[in-house]
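Visitor: This is the structure, below, for whatever I ask next.
The values are calculated or read from the model by the stated rules, or taken from the named source; none is laboratory data. These numbers were taken from a predicted model, which means no experiment stands behind them. With ideal geometry, Cβ positions are generated from the backbone for all residues, glycine too; neighbour counts draw on all protein chains shown.
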Amino acid sequence: MSTSSTSVPNPPNSGKGDREGRGSEAPAIVRSSGEENILAKGRLLYPERGPSRFAVRMARAALEEGRAAGPGRLFLVASPALWYGVAELLAGLPSDAAILCAETDPGLVAIAMEKMPPSLRADPRLRFAGGKDLRSWIDATMTMGRFRRCLPVRLSGGADLDPEAYRAAASALDESFSAYWRNRASLAAMGRLWVRNIFRNLARLGDISPRSPAALLGPAALSGPAVICGAGPSLEGAIPLIRRHRNKVLVVAADTAAGPLAMSGIVPDLVICLEAQIWNLRDFLPLEGAAFTLLGDLSSHPSSFGLRGAVNSLSCVRIAEGAFMGRLRALGLPLLDLPPLGSVGVEAIHVAARLGAAPLFVAGLDFAFETGKTHARGSPTLAADLHSSTRLSPVGSPGLTATFREGVRPTTKGRGLTDPILTRYAALAAEELALSGRPVFDLRGGFGQPLRALVPTLDQAERLLAELPEREGAPKAPVVSEDGEAILIATDFLKRELGRLLELEGLLRRGEVQGGKKLPEALAELDYVLWPMPDADRVASLPQDLLNRVLVETEYWIAELGELISASP
């Protein structure tokens, strides 16, 4: 029997059981068939006959469903009430599963806390979360393991008192788990490259000569309106409008949008770059020699900082929480600390709001595409499609492949097609726009996924821009000289990282893997050596097969840092 299809019956209007307190608003413990029951909002939370037997049957059904659903399940017990059935659920729990018991009603929270058996309170596989703070519910799961999916379990009728909250909690938990595994997959695929770029950029900090983006752009430029540009198809329709009002707005562009803008005669004031791989340079070819500020992440490919005409500024995206990223942010270098938002377009929204621009206009941030066309004209992706076209492979072949891949569907309101990944980015973009607290105007002409922004037509946006005063010009970027102190800080950081790696190598080679504190502490400090490993969570038990791979990774970084330090002036 599925736990999702079985309901707890409503209590009859009359019959056995102590019904004292039926009219009370606060939940009350009553007796029915010789067992405790709970009366809440005019109904019993367990059947009148055999309340505990019913909960045990539900727990066994949940275990059957969990075994069929696959590994890594978190059982979400909505409203544990008197805890009937929870012990049985815990007893049959698979080794990779855990239980989160949650309650939103304050009165039932108090009863659950009072009635929670000591054996359950002490079990590390179970947590109880009270209230409606979903963040605290998610945090409560983090200490119990890493899960694939959330499996809702109803052992009492308390789940029916606030069904929307429990559905939202299950959805939020599932999204949290999915986000964790997506991040793990990203670290496994890109982690080594990100760290290598960070080390190499620090080693050549004197060539990069980074300065704060606020200092380079100037407070006057940042206090005015900004157009945030992505490379979606709608950028083409917005470019004439941006060009007509170029002297009134700050143009902040995702790296992929820099080319289409520059080819239309619009040099962005600020370009955001997060790309770790070298093909990102194609985005900048139309900007060669133009004066603009590049906000490149410390994990970006080093060649991104060698653009003629660009003045470099550095960000530090929190790729993963841990000791390594903490040390980077604590260095005192001119780094703009940024959250990991996944999409360079979403990051551009965050940066523009963070640096003080207002109001905001969005163009080309579509998180959607057209049939056979994924980007605006002038973007490297579309240009490569055109250049590779032949009589047998006509224009639009890569775009058509994207159009018909799995998961593609029409957008909910705007024109265009989208997919699950773009939908997640659109949700993040909407959240960033809402958090900015600034007026936001849509220049996408009805194309793309809906965002939390005003949606004027382009004609309405034109009238709005026409009313804006000309902004003060951004001051010319100063001639930057080498920051000797920053270079020394970066060089010292690399040397200390090398020392940590040599210490870890010694611990691994001497076989100090059982019971001691030194090896776990060294691994926690050098968490990036585990980033490329999909099974990094196993490190807590120090399995030898994983430690063998850690040793190989450690030796790689020793060689890499040794070469960088020896080449430093």
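Visitor: Got a number for residues in the stretch 322-345 being among the charged types (D, E, K, R), touching an Asp or Glu at 6+ places or on another chain (Cβ under 9 Å) and either part of a strand (DSSP E or B) or free of Cβ contacts under 8 Å to residues at least 40 places away in the same chain (or both)?
Guide: Result for the stretch 322-345: 1.
Visitor: Filter the stretch 360-387 down to residues that are touching a helix residue (DSSP H, G or I) at 6+ places or on another chain (Cβ under 9 Å) and at pLDDT below 90, then give me how many there are.
Guide: 17
Visitor: Under the condition of being more than 21 Å from Arg438 (Cα to Cα), modelled with pLDDT under 90 and small (Gly, Ala, Ser), which residue from the stretch 323-353 is nearest to the chain's Cα centre (by Cα)?
Guide: Among those that are more than 21 Å from Arg438 (Cα to Cα), modelled with pLDDT under 90 and small (Gly, Ala, Ser), it is Gly342.
Visitor: Oh, and also: Output the number of residues of the stretch 61-86 satisfying the condition of being surrounded by fewer than 16 Cβ atoms within 10 Å (Cβ to Cβ) and either among the charged types (D, E, K, R) or within 15 Å of Ala112 (Cα to Cα) (or both).
Guide: Result for the stretch 61-86: 2.
Visitor: Filter the stretch 277-308 down to residues that are under 19 Å from Val351 (Cα atoms) and small (Gly, Ala, Ser) and give me whichever is surrounded by the fewest Cβ atoms within 10 Å (Cβ to Cβ).
Guide: It comes out as Ser299.
Visitor: Checking Ala320 against (1) modelled with pLDDT of 90 or more; (2) among the aliphatic types (A, V, I, L, M); (3) within 30 Å of Leu526 (Cβ to Cβ), which single condition isn't satisfied?
Guide: (1)
Visitor: Would you please list the contacts, defined by Cβ atoms under 9 Å and residues six or more apart or on different chains, that run from a residue in the stretch 267-290 that is farther than 21 Å from Ser186 by Cβ and assigned to a helix (DSSP H, G or I) to a residue that is of a type in the set (A, V, I, L, M) and at pLDDT below 85?
Guide: Arg282/Ala383; Arg282/Ala384
Visitor: Are there strands (runs of 3 or more DSSP E) fully within the stretch 1-97 with at least 1 residues that are at pLDDT 85 or above and within 28 Å of Phe147 (Cα to Cα)? List them.
Guide: Here the list reads 73-78.
Visitor: Right, something else. Quick check, is Ser299 assigned by TED's automatic domain parsing to the domain that holds Gln449, over 30 Å from Arg463 (Cβ atoms) and not in a loop (DSSP other than H, G, I, E, B)?
Guide: Against the criterion (assigned by TED's automatic domain parsing to the domain that holds Gln449, over 30 Å from Arg463 (Cβ atoms) and not in a loop (DSSP other than H, G, I, E, B)), Ser299 does not qualify.
Visitor: Among residues belonging to the stretch 87-129 that are farther than 13 Å from Leu155 by Cβ, in contact (Cβ under 8 Å) with a residue 24 or more places away in the chain and among the small types (Gly, Ala, Ser), point out the one that is surrounded by the fewest Cβ atoms within 10 Å (Cβ to Cβ).
Guide: Filtering the stretch 87-129 for residues that are farther than 13 Å from Leu155 by Cβ, in contact (Cβ under 8 Å) with a residue 24 or more places away in the chain and among the small types (Gly, Ala, Ser), the one surrounded by the fewest Cβ atoms within 10 Å (Cβ to Cβ) comes out as Ser119.
Every residue, every condition in (1) touching a helix residue (DSSP H, G or I) at 6+ places or on another chain (Cβ under 9 Å); (2) modelled with pLDDT of 95 or more; (3) assigned to a helix (DSSP H, G or I), yes or no:
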{"position": "Trp194", "(1), (2), (3)": "yes, yes, yes"}
{"position": "Arg200", "(1), (2), (3)": "yes, yes, yes"}
{"position": "Arg211", "(1), (2), (3)": "no, no, no"}
{"position": "Leu216", "(1), (2), (3)": "no, no, yes"}
{"position": "Ala221", "(1), (2), (3)": "no, no, yes"}
{"position": "Ile228", "(1), (2), (3)": "yes, yes, no"}
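Visitor: Turning to a different aspect of this structure: Of all residues being assigned to a helix (DSSP H, G or I) and touching a residue at least 40 places away in the same chain (Cβ under 8 Å) in the stretch 245-259, which is surrounded by the most Cβ atoms within 10 Å (Cβ to Cβ)? Just the residue, please.
Guide: Residue satisfying both the conditions and the ranking: Ala257.
Visitor: Now for a separate question. Here is a check on your reading of the model: is Ser304 touching a Gly at 6+ places or on another chain (Cβ under 7 Å), touching a residue at least 12 places away in the same chain (Cβ under 8 Å), of a type in the set (Ser, Thr, Tyr) and at negative phi?
Guide: yes
Visitor: Could you tell me whether any residue of the stretch 266-286 is over 28 Å from the mean Cα position of the chain (by Cα) and either within 30 Å of Asp537 (Cα to Cα) or at pLDDT 90 or above (or both)?
Guide: Yes, there is a match, as at least one residue in the stretch 266-286 is over 28 Å from the mean Cα position of the chain (by Cα) and either within 30 Å of Asp537 (Cα to Cα) or at pLDDT 90 or above (or both).
Visitor: Next up: Could you list all residues from the stretch 409-461 that are among the β-branched types (Val, Ile, Thr) and surrounded by fewer than 16 Cβ atoms within 10 Å (Cβ to Cβ)?
Guide: Those that are among the β-branched types (Val, Ile, Thr) and surrounded by fewer than 16 Cβ atoms within 10 Å (Cβ to Cβ): Thr412, Ile421, Thr457.
Visitor: Out of Arg452, Arg463, I need the residue that is free of Cβ contacts under 8 Å to residues at least 12 places away in the same chain, over 13 Å from Ser343 (Cβ atoms) and not hydrophobic (A, V, I, L, M, F, W, C). Which one?
Guide: Checking each option against the conditions leaves just Arg463.
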